[in-house]
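Trainee: Please see the structure below; I have some questions.
The values are calculated or read from the model by the stated rules, or taken from the named source; none is laboratory data. Since we're looking at a predicted model, the values are computed, not measured. Protein only, heavy atoms only, side chains kept; ligands, DNA and RNA dropped before computing areas. Shrake-Rupley method; radii C 1.70, N 1.55, O 1.52, S 1.80 Å.
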Amino acid sequence: SSMQYGSIMKILAQLGCPSDFKATIFTCNNTELFNMLFNVKNEYYLEKIYATKYSKEIESEFTEEDMHKFQNNMAYLLTGVDNILIKEEIPREKIDNYYQYTIKENKQYFIQKNFNIKRLETKNEIYTNPKYYNNIIEDKNILEFMQIRANLEKDDTFKVEFIDENKNTNLTIYSLDIDKLNKAYEYLKNNQIKYSKYEYNNIEGTITTKKDEIIFTTIPYDESWEIKVDGKKVIPFKAFNSFIAIKTEGGTHNISFKYKNDFTAPIIISISSLVITLTFYVIKKKKK
């Protein structure tokens, strides 16, 4: 249920993973950085809980709506590694009805969604805006994704057709600095939890923090979690206004998370509904 909270819905969009209002449909085309931070099975796989450099005091300085900047800032606040995603502006070159952008080196690139794009073509994929190409069946629809992911080699091109050519049509793309990504990965890998129990509502393990580190999780903040550090109940706080984080002293700690389902409100509502229904039935019967 916590995945439906407004703060989680917002951060999913900031991270390039928009969803429906129940958080049941995701249209992600993720970077390795996203996958690493959010426990997605891949070569940079990490657990959900780790000791980080995160500071609540300086988080406000790094608020960004742009999802690539947001991911960069998030990684920096957690690991101290800056600018893992590299921004590039590619000048345009008009060819026939298209603007063409030529790639300078072999890389994996990420193009942020732009509502001014009518059609985009790489060597492998075609992305279209259905408003303008509603009778053409293409491989993918550009409006399904917050970003497009493409593995390209030097001299490969993006061909782009714009809705309004008068708007700025330089193409903004991002690529990953693999050395920096590996550095951030090694930091988090060496600071992640060692589980002794892992169930969907019951987590236990040990984790070591330094004096200036906090325990950060990619578990959505929900007051129903009961969290204990070294057997003592602690009150967590929200990191990035969305996730569970815990302040601790430096050292090795036993930590547990237990999800406490509170059925008091549903029971009261159910009993009240039953009483009202029975009362209505009795009154109706007496009138008859």
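Trainee: Could you tell me what percent of the accessible area of the chain is made up of carbon and sulfur, with a 1.4 Å probe and every protein chain present?
Mentor: C and S fraction of accessible area: 50 percent.
Trainee: Follow-up question, since we're still on this one. Would you mind checking the pairs LYS69/LYS258; LYS41/LYS131; LYS87/LYS210; LYS10/LYS154; LYS210/LYS238 and listing those with alpha carbons more than 28 angstrom apart?
Mentor: Violating the 28 Å limit, Cα to Cα: LYS69/LYS258; LYS41/LYS131; LYS87/LYS210; LYS10/LYS154.
Trainee: Enter the accessible area per residue of the stretch 82-134 (Å², integer; probe 1.4 Å; all protein chains in place).
Mentor: Per residue, the stretch 82-134 has an accessible area of 57 Å².
Trainee: With springs connecting C-alpha atoms under 10 Å apart, model the chain as a Gaussian network and identify which of TYR45, TYR133, TYR259 has the largest mean-square fluctuation.
Mentor: Evaluated over the chain, the most mobile residue of the options is TYR133.
Trainee: Here is a further query. Let a ≥ b ≥ c be the square roots of the eigenvalues of the Cα gyration tensor of the chain; is it rounded (a/c under 1.5), or, if not, prolate (a/b larger than b/c) or oblate?
Mentor: oblate
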